[in-house]
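These notes concern the structure reproduced below.
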Amino acid sequence: MQDLLRLGGKELTSRLFLGTGKYSSNKVIPAVVAASGAQVVTVALRRVDTAFEEENIVSYIPKDCILMPNTSGARNAEEAIRIARLARAAGCGNWVKIEVISDNRYLLPDNIETIKATEVLAAEGFVVLPYTSPDLMVAKRLASAGAAAVMPLGAPIGSNRGLKTKELIRIMIEEISLPIIVDAGIGRPSEAAEAMEMGAAAVLVNTAVATADDPVAMARAFGMAVAAGRTAYLAGPSAVRSFAEASSPLTGFLRDE
Amino acid sequence: MSFYAEIAKLRTFDFEAFFERVGEKDVAAALAKDRLNYLDYLTLLSPAAALHLETIAQKAHQVTIRQFGRTMLLFTPLYLANYCVNQCVYCGFQVHNRLARKRLSLAEVEAEAKVIAQTGLKHILVLTGESRTDSPVAYIRDCVEVLKQYFTSVSIEVYPLETEEYVELASAGVDGLTIYQETYDETAYAELHPAGPKRNYRFRLDAPERGCQAGLRTVSVGALLGLSEWRRDAFFTGLHADYLQRRYPDVEISISPPRMRPHLGGYQPRYQVTDKDLVQYVLAFRLFMPRSGITLSTRESAVLRDHMVKLGITKMSAGVSTSVGGHTQGETVGQFQISDERSVADIARMLYNQGYQPIYKDWQAL
């Protein structure tokens, strides 16, 4: 049976989502997307310029990908809502990654404003994917607000620090029935694989690919790592043990009577 | 609160003694940190750190790529008017200089906007001299109403305003504020501004904070290098940016390190600031505030600008005229002579050749 990620009425075979910021040229994006196998690509509406075809980032996203505009630059729910509506009006579809950041020092998301924006946009028929700090209660609120998935950060955006929030994400995966997509902080394919082995539904990567010396090769590596991690998760990895299992066990003399 | 209180705390700080104490070990220790405090920043601004510029550059380059990617935001200034009541001894537009004074009509603003917009730019910075009679806030607001039809981000670099005036311009569509303190040295400031409203050091110093309080998205500060000892002005610029970013975390705080350029009036800068000094300043600031934008203007030469693409800069002006109506009516006397006269397309080509993406649009007016 094929392993599909069902999201927003779509069935996805790839569990790697890609960001489009920070590239040395938009022209590299089609090759990066192709190498990674990604089917969902996020783009900041602030960078979309429909009047300038050659420099418009959307022109470089393969047509068979799902475009997921994000609300980068929004400082509160109201701005995120306006950006989402502008994105839909500009023909960017009805998926939206909500990103509300009111802290320019660490770029950490504002969970409370994110919940508010999710409530409004989900009610308007958007497929809402909120970017959050990992918090179980916030994830529950997002779920009841109509989010299609929850996207907790592994580490601050662009930090390449890996799965610093692993334990909190693990709890979210266990407790929330929505897909949990690890977004931000993943710096290496091995960390993406680790997130997938844990049971994350997908991961979103941008900086690690865009700023690699060879973004196309790195995109391919991430695609393979995500697939490997997912396969391992489905294979049911055997439990990790704290101690080696003694070959001469102390209780080996006991026999069933 | 005011940044003035922060400056006051450092009034007795002995910069010379600090710089004498700083050695190679201190520079290495500052470089090894993820988060620099203000003394680490001063350490990287020290003469001792100047001996390790390449090491600092490598780290600053990596930090910039991680935060901003291989991208460069492009914008251009648009001079609306050159009427000015101030007597800044270093400025071509000061009241005593004889030049044709002009203020663009709204039709002329639109004509300039059309020409600039054809280059693909979406970020515009509007400038005026200081004259509440000839270029009042209401006039600036009317210009913004015209410009926002052509640009998705409109910033202002005008005389310091009251908070309510910044609010008024923000509601008209302004999202960014640039205002330079010129020099943070209060004594030098008084000498350089012998008359006019600009003599008020504190009113200007607090203007960026009023802009933050008014809800603007981006606020840029800086000192005009050459007016005073550069290391101190670089230090206080960084402290000012840090002060604002801590208090207004939702505002993007950035800096610019403008250097004195030749201009009508011929003031000779008292302090020399070499290319090496400028680079050291930009690198040290990048490591002190990894997330902050740094703008490099066409005051600098094409050669230097090309090299500084990889040295922490995130924003460049392109296709620049510093005279009123310079895009449609031919160049007249500008505020200062620009050094890099390349067009937007030329700059974009240069960036692509260096493996950098020119960004024309990085904000969507809401």
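Readers should treat all values here as calculations from the given coordinates under stated rules, not as data from a laboratory. Just so it is clear, the structure is predicted and the values come from calculations on it, not from any experiment. Reconstructed Cβ throughout: ideal geometry from the backbone, glycine too, with neighbour counts over all protein chains shown.
Miscellaneous remarks
- Taking the C-alpha atoms only, the angle from helix A:215-235 to the longest principal axis of chain A is near 40 degrees.
- The magnitude of the dipole of the protein assembly as shown, with charges of +1 and -1 set on the Cβ of Lys/Arg and Asp/Glu and taken from the Cα centre, is near 380 debye.
- Residues considered: B:Leu80, B:Leu192, B:Leu147. Largest GNM mean-square fluctuation over chain B, using C-alpha springs under 10 Å, is found at B:Leu192.
- Dipole axis of the stretch A:5-235 (+1 Lys, Arg; -1 Asp, Glu on Cβ), positive-most option in A:Ile61, A:Ile171, A:Ala139: A:Ile171
- Distance cut-off 28 Å, percentage of C-alpha pairs in the stretch B:229-366 lying past it: 24 percent
- Euclidean distance of C-alpha centroids, the stretch A:220-235 and the stretch B:1-26, integer Å: 52 Å
- Summary value for chain B: 23 percent relative contact order, contacts being C-alpha pairs under 8 angstrom separated by 6+ residues.
- Taking the protein assembly as shown as a whole, the Cys residues whose C-beta sits 4.7 Å or farther from every other Cys C-beta are A:Cys65, A:Cys92, B:Cys84, B:Cys143, B:Cys212.
- Taking every DSSP bridge with both residues inside the stretch A:5-235, close to 15 percent are antiparallel.
- Its DSSP H runs of at least 4 residues, each contributing -39,500 (n - 2.57), put the calculated 222 nm mean residue ellipticity of chain A at -10500 deg cm²/dmol, to the nearest 500.
- Peptide B:64-73 is shielded by partner chain Cβ atoms: per residue, an average of 5 of them sit within 10 Å of its Cβ.
- If R0 equals 51 Å, the separation of the Cβ atoms of A:Ala89 and A:Lys140 corresponds to a calculated FRET efficiency of about 0.95.
- For the stretch A:5-235, a simple Cβ point-charge model (Lys and Arg +1, Asp and Glu -1, everything else neutral) yields a dipole of about 120 debye relative to the Cα centre.
- Span-rule helices in chain B, defined as complete DSSP H runs reaching 18 Å or more along the axis (Cα) with Kyte mean at least 0.0: B:275-288
- Nearest-ten-degree value, helix A:111-123 long axis tilted from longest Cα axis of chain A: 70 degrees
- Model label points for A:Ala51 and B:Arg246, set 7 angstrom from Cα along the Cα-to-Cβ axis, are 4.1 nm apart.
- Here chain B is assigned +1 on the Cβ of each Lys and Arg and -1 on the Cβ of each Asp and Glu. Its dipole about the Cα centre then comes out at about 460 debye.
- Remark: the Cα gyration tensor places the stretch B:93-177 in the oblate category, a/c being 1.5 or greater and a/b not exceeding b/c.
- Taking a ≥ b ≥ c as the square roots of the eigenvalues of the alpha-carbon gyration tensor, the stretch B:1-95 is classed oblate because a/c is 1.5 or more while a/b is no larger than b/c.
- Counting only alpha carbon atoms, the long axis of helix A:166-175 and the longest principal axis of chain A meet at about 90°.
- Looking at the stretch A:81-155, the pairs of alpha carbons with a distance over 20 Å make up 26% of the total.
- Cα centroid separation, the stretch A:1-35 to the stretch B:199-213 (Å): 46 Å
- Rounded to 5, the percent of DSSP beta bridges in the protein assembly as shown classed as antiparallel: 10 percent
- Take every pair of alpha-carbon atoms less than 8 Å apart whose residues are at least six positions apart; their mean separation over the length of chain A yields a relative contact order of 17 percent.
- Cα gyration tensor, the stretch A:5-235 - rounded (a/c under 1.5), prolate or oblate: rounded
- Rg [Å, one decimal], Dmax [Å, integer] - chain B, C-alpha atoms: 19.5, 60
- Taking the average, over residues, of other Cβ atoms within 10 Å as the packing measure, peptides A:183-195, B:342-354, B:14-26 rank A:183-195, B:342-354, B:14-26 from highest down.
- Rounded to the nearest whole angstrom, the semi-axes of the ellipsoid equivalent to the protein assembly as shown, taken from the Cα gyration tensor as √(5λ), stand at 47, 29, 22, largest first.
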